[in-house]
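Here the structure is laid out as structure tokens; the discussion comes afterwards.
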Amino acid sequence: MTQQSPLTNNPSTSPPGNGRGSAAPLLAVQAASTGPKVLRIGLIQAGRIVEERIVKQRTSVTIGSSEKNLFVIAANELPPTFTLFEIAGAEYYLNFTPAMRGRVALPSGVSELASLAGNGSRSLGDGVHQVTLGEESRGKVVIGDLTFLFQFVAPPPLSPRPQLPVSVTRGASAVDWPTTVIAAFSFLIHFCAIGAMYSDWLDPVVDYDVNVNALVETIKNLPAPPPVEEPEEPAPAEQKPEKEAPKAAEPAPKPAERLPPAPAQGAREHFSKAQAAALANELESLEMATLAALSGVGPATANVLRGGEVPTSTLDAAAASEAGVSGAGTGGLKLGGGGGGTIRPGAVGGGLASIGASGKTSGGGSGTVAAVKGPRGNASVGDATVAGGTVSDASRVVAQMRAGFRACYNRGLADNPDIEGKIALTIKVGPTGQVASVVASKTGNIPPDVLECVKARAISATFTPPQGGAAVIQVPVSFVKQ
């Protein structure tokens, strides 16, 4: 059906006389831009539009599971490719099968697809029917849970063809003369200004002869330089003698002490380390023999305890007594004849215990030996935190490690009694309950051997297989001295 534009029926728009109004060019433009109508198709699924297209080129519309179709859908009722809207010449045709449902608005009226299959359509074979569509036709086609809505609309306006700027299309031969002239004059003015600044055209003329003569005369008439004043050094002030600190009274020389003469330089050089050590041992044996000879009392013991030296007169008195020691063939010190033997500390008979009259009735020692115990420490284990899975006996197994942690700490205290601190253990438990790895971080002065001992104790633990395949247990351990 042809519709007339209201502009053609309005007599006020037509000028009198010629019968043609001013709206004729506008109608011609609209007719040229409109052309034949095109299909607008929308695909609806689950109550919402999932796809919408306008077929601008007026081509056939295919649907199916093949990727070459315009609408790719999954429909078991259709072959891989089915032509839903077919164009032949200038007309569109709707193809449908008995598995499709829907309604179509035709020039003859609105009809169901099922009724069109029996009357008003022609059969194409294989159960496919075809009906002719006009430009005013519209409707819907239902295939399973998919619905196709269609109608004919005016084609959208063509998008303008992209064009390059005029400056590009004109090529490199075209020159913008106004801009070029302005840039040239600007460059010339700036160049002249900079050249004038660095040139000597504007400098005054200088008479070098006059200036040089005046400079020479000025140099000749310069006054003599003043003498250099050297700073006078201040006379040293008379320093008052400080009060001398009272010297400590020098200890009076011990009576009857004779120091051994110092060996000569040549003799000192001939002594070796082994000879010097042997001489030191002989001197120590001499002091012990003197102590044993005088029964732990008397001037020898007093002098040894006071200054660490034995006077020669005391040695002479010890040699003259019968409590002296002798050891034939031993190479030891001989302090006279009589009983006794070579001094051997700790030996029974002929040793320190039997020399002289000690006045003691028992052969016991001078005291008792008491063993001093080293410092002891304690290891406290915090609550175990399990992540990544569930370990039912995590708290119990961690509590059993406490004794091993304390043993590691006490072993470290035996070497260094000042160690204290904390260790944070990250224990990764495998699917079987065995410890896969242990990561330890310390705070304080925990030594590396204690850290490795604690890690070894944690690795040897066994947990219940965790729920979830694996787990990570965080255990804080604190070490404090008791």
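Read-outs: derived from the displayed coordinates by stated rules, not from any lab. No experiment lies behind these values; they were computed from the predicted model shown. FYI the Cβ positions are ideal-geometry reconstructions off the backbone, even for glycines, and counts take in every protein chain you see.
Numbers for the structure displayed
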{"item": "Burial order of peptide ranges 182-189, 384-391 (average beta-carbon count within 10 Å, highest first)", "result": "384-391, 182-189"}
{"item": "Viscosity 1.002 mPa s, temperature 20 °C, Stokes-Einstein D of segment 165-205 from Kirkwood C-alpha radius, µm²/s", "result": "163"}
{"item": "Too-long pairs where the Cα-Cα distance tops 19 Å, listed order kept, from K428/K455; K422/K455; K37/K68", "result": "K37/K68"}
{"item": "Between segment 141-175 and segment 380-427, the alpha-carbon center distance in angstrom", "result": "75"}
{"item": "More than 18 angstrom apart: percent of Cα pairs within segment 38-153", "result": "47"}
{"item": "Value of Rg/Rh across segment 377-482 [Cα atoms, Kirkwood radius]", "result": "0.99"}
